[in-house]
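Derivation of every value follows stated rules applied to the coordinates shown; laboratory data play no part. The structure presented is a predicted model; accordingly, all values stated were derived computationally and were not measured. Ideal geometry is used to build each Cβ from the backbone, glycine not excepted, and the neighbour counts take in all protein chains shown.
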Amino acid sequence: MTEETAIVTVEAGKLHQLIKEKLMAAGLHEAHAEETAKHLVYADACGIHSHGAVRVDYYAERIAKGGVTIDPEIVFEKTGASTGLVHGDNGVGQYVCDEALKHAIDLAKESGLALVGVSQTSHSGALSYYVKKAAEQGYLALAMCQSDPMVVPYGGSETYFGTNPIAFSAPRKNERPIVFDMATTVQAWGKILDARSKNKEIPDTWAVDSQGNPTTNPHNVNGLLPIAGPKGYGLMMMVDILAGTLLGLPFGKHVSSMYADLTEKRNLGQIYLIIDPARFTDVDTFKENINRMVNELHEIKPVEGVQQVYYPGELSQARYDKYMTNGIPIATPVYDYLVSETIHFNQYGGKGAFAE
Ligand code: NAI
């Protein structure tokens with residue numbers, strides 16, 4: 001592999017504006033571009049570069065080709081005292097899923113608990129964005145979503161499930177929420193994309209090549225590996241059932257591919273479980289106990305070479321605070337694309353799942 005790609009530091013407000021303008025140039029309405037830009041800047045500021053500005057080029061091509069509904073009719077259908085479905089009409093994922101989250105929180109406010117599915121959405125980005133928002137309003141939140149089939153099932157040599165992520169957040173007393181957010185693969189596909197954009201080697205535990213052999217070259221990836229073998233494989237199946245089959249959507253290898261046909265809508269599924277802790281316990285005690293848990297974790301003696309035990313999301317939050325103040329590191333090719341006039345039409349479409 002050649003030298004790693006250079007990084008440029010971009011002020012958060014400027015990055016937001018560049019992303020928003022590019023998405024509007026591709027055809028999105030301002031409110032949808034605004035929410036998507038907010039989400040992508042959040043991801044880059046947290047250090048989740050796999051789900052930040054690196055995605056704009058692909059999103060813009062899909063939007064420009066009609067693979068995202070520009071004027072979606074987003075409909076909330078309440079299906080029971082604490083259940084509902086948001087029909088996203090394949091609008092841009094970050095906007096649809098943010099709207100769906102508002103409905104889920106309103107329902108949890110009413111009934112104490114909400115299980116809300118989002119049917120027919122586009123790629124929704126980093127799931128921590130949504131669960132953290134719910135926890136900031138005092139709720140516990142779980143989110144899961146489908147993604148395109150890129151993972152070799154345990155013992156298999158062909159891809160079947162997506163990287164199907166799970167995110168969870170819980171509120172704390174006078175502190176920011178704990179946030180756990182992970183793909184059910186050793187690494188999210190976006191991490192491979194990020195490594196590609198930086199021309200950087202990956203560990204041989206992340207993915208396999210076209211022969212099913214472990215690879216360290218991100219450009220040769222042809223299948224991702226589940227976390228913890230059969231356990232991760234089981235988890236990604238659970239996510240697909242809850243965020244896909246349960247909502248009447250395509251499942252497993254039938255889930256639409258990110259790069260196959262960018263003129264087609266994605267029809268993806270996402271699901272939220274929102275819980276009002278007041279329906280189960282004393283809220284102050286609950287939040288204090290989460291604080292206590294964090295403190296006790298911080299007091300655990302770290303192993304040699306590790307500075308400290310962190311709670312999930314702690315490092316992302318620290319990065320967010322730093323980058324929002326000092327600027328966000330962005331791979332130079334991503335930045336160059338954002339400041340250019342370009343909207344690609346043949347960069348991503350009509351390719352296999354692991355296209356460059
Ligand atoms: P990751 O491997 O970077 O992090 C996983 C979790 O481990 C996070 O909660 C993180 O806070 C925690 N963590 C990391 N280092 C830690 C440490 N030293 N101590 C304690 N906790 C630590 O995440 P991954 O799996 O690469 O996922 C990245 C993003 O990709 C997520 O935001 C996920 O939602 C998103 N994603 C989205 C998809 C979509 O289709 N919308 C598909 C797949 C992933």
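Tabulated data
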| item | result |
| --- | --- |
| Of all DSSP beta bridges in the chain, antiparallel share, percent nearest 5 | 85 |
| Estimated dipole of the chain in Debye, rounded to 20 [Cβ of Lys and Arg +1, of Asp and Glu -1, Cα centre] | 340 |
| Average projection area in nm² (convex hull over Cα atoms of segment 71-319, one quarter of hull surface) | 14.9 |
| Segment 192-316: projected area of the alpha-carbon convex hull, averaged over directions, in nm² | 12.4 |
| Per-selection Rg to Rh, segment 250-356 - Cα, Kirkwood hydrodynamic radius | 1.12 |
| At most 13 other Cβ within 10 Å, DSSP loop - chymotrypsin sites (Phe, Trp or Tyr not before Pro), segment 142-230 | none |
| Per-pair calculated FRET efficiency, R0 = 35 Å: H254 and D71 via Cβ, rounded to 0.05 | 0.80 |
| Net charge contributed by nearby residues that have their C-beta within less than 10 Å of V96 (K/R +1, D/E -1) | -4 |
| GluC sites (Glu not before Pro) restricted to segment 1-110 and DSSP loop, no more than 14 other C-beta within 10 Å | E3, E4, E11, E73 |
| Of K78/K265; K38/K231; K20/K287; K231/K351, pairs whose Cα-Cα distance is over 32 Å | K38/K231; K20/K287 |
| Label-point separation in nm, H219 to M238, each point 7 Å along Cα→Cβ | 3.9 |
| Debye log10 I(q)/I(0) at q = 0.24, 0.26 Å⁻¹ for segment 55-143, Cα point scatterers | -1.15, -1.26 |
| Two-decimal ratio, segment 1-74, of alpha-carbon radius of gyration to 2.2 N^0.38 Å | 1.18 |
| Low-density loop positions, chymotrypsin sites (Phe, Trp or Tyr not before Pro), segment 277-356 - DSSP coil, at most 12 other Cβ in 10 Å | F280, F345 |
| Mean separation of Cα contacts under 8 Å (6+ apart) over length of the chain, as relative contact order % | 25 |
| Choice from P302, P226, P153 with maximal GNM fluctuation in the chain (Cα, 10 Å cutoff) | P302 |
| Convex hull per residue volume in Å³, alpha carbons only, for segment 1-133 | 122 |
| 13 Å cut-off, amide nitrogen to a point 7 angstrom out along V339 Cα→Cβ, residues in segment 5-44 | 7-11, 14-15, 18 |
